[in-house]
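Let me begin by presenting the structure, written as structure tokens, before commenting on it.
The values are calculated or read from the model by the stated rules, or taken from the named source; none is laboratory data. None of these values were measured; they are calculated from a predicted model. Cβ sites come from the backbone with ideal geometry, for glycine too, and all protein chains shown count toward neighbours. These area figures cover heavy atoms from the full protein model, side chains too; ligands, DNA and RNA do not enter into them. Shrake-Rupley method; radii C 1.70, N 1.55, O 1.52, S 1.80 Å.
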Amino acid sequence: MEDQKKEEEQEIIPVEDSVPEDYLIKHPLQNTWTLWYYENDRSKTWEENQREVFSFDTIEDFWSLYNHIKTASELRQGCDYSLFKKGVRPMWEDSANKQGGRWLINLEKKQRNSDLDKYWLEIILCMIGEAFDSHSDEVCGAVINIRGKGDKIGLWTADAHRTQSVMEIGRKLKERLKIPKNVILGYQVHKDTAAKSGSVTKNSFQV
């Protein structure tokens, strides 16, 4: 019996030898990304309410994070998620953002259960996977706002004057999200949004 047990033990393949090599090596991303979480506490400033959650630079670390946090549709009203390249804060005033703007997706309240999480994840995968090709360097990050009247997702770019990059990013975004042709996506310059006098900011570009 003892000899048989030893033979069985020898036949057991060590775990690291039985796992395909691809599963042992993490897949690095071109950039390091930081997830931010905003919760509206009126006793604090807007900037104080922005909290860094976690930074990641591999696809495996992203999925580990994504699978352990609430989905966007589960957040309370008034909360935001932001995902930006490491070192870039999710605010207009940051030097990486101040010359730029955002492609804005407005979702009706009823879309929270059908499209919100799907759109947010697809935008994240486009960003961290550098899906905007030669224009990916122009992408700073993205913000999702959970609000009572309707949610918003904004994809932020670095320079609103780089028209070709802005338009190519917008076209690719609309294509990846499978947004119908008759639905218009607008691009708003941060300076216009900051200076607006009413509730609506004009679109500088649209696709």
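Data table
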| read-out | value |
| --- | --- |
| Scan of the range 91-109 for residues that are under 26 Å from K70 (Cα atoms), in contact with a His (Cβ under 8 Å, 6 or more places away or on another chain) and not in a strand (DSSP E or B), ordered by number | W92 |
| Residues of the range 52-82 classified as touching a residue at least 60 places away in the same chain (Cβ under 8 Å) and either assigned to a loop (DSSP other than H, G, I, E, B) or open to solvent by less than 20 Å² (accessible area, probe 1.4 Å) (or both), total | 10 |
| Residue pairs meeting the criteria (Cβ under 9 Å; at least 6 apart or on separate chains; first free of Cβ contacts under 8 Å to residues at least 12 places away in the same chain, in the range 103-125; second small (G, A, S) and assigned to a loop (DSSP other than H, G, I, E, B)) | L125/A131 |
| Enumeration of residues in the range 152-207 that are open to solvent by 70 Å² or more (accessible area, probe 1.4 Å), of a type in the set (K, R) and out of contact with any helix residue (DSSP H, G or I) (no Cβ under 7 Å at 6 or more places or on another chain) | K152, R171, K178, K181, K191, K196 |
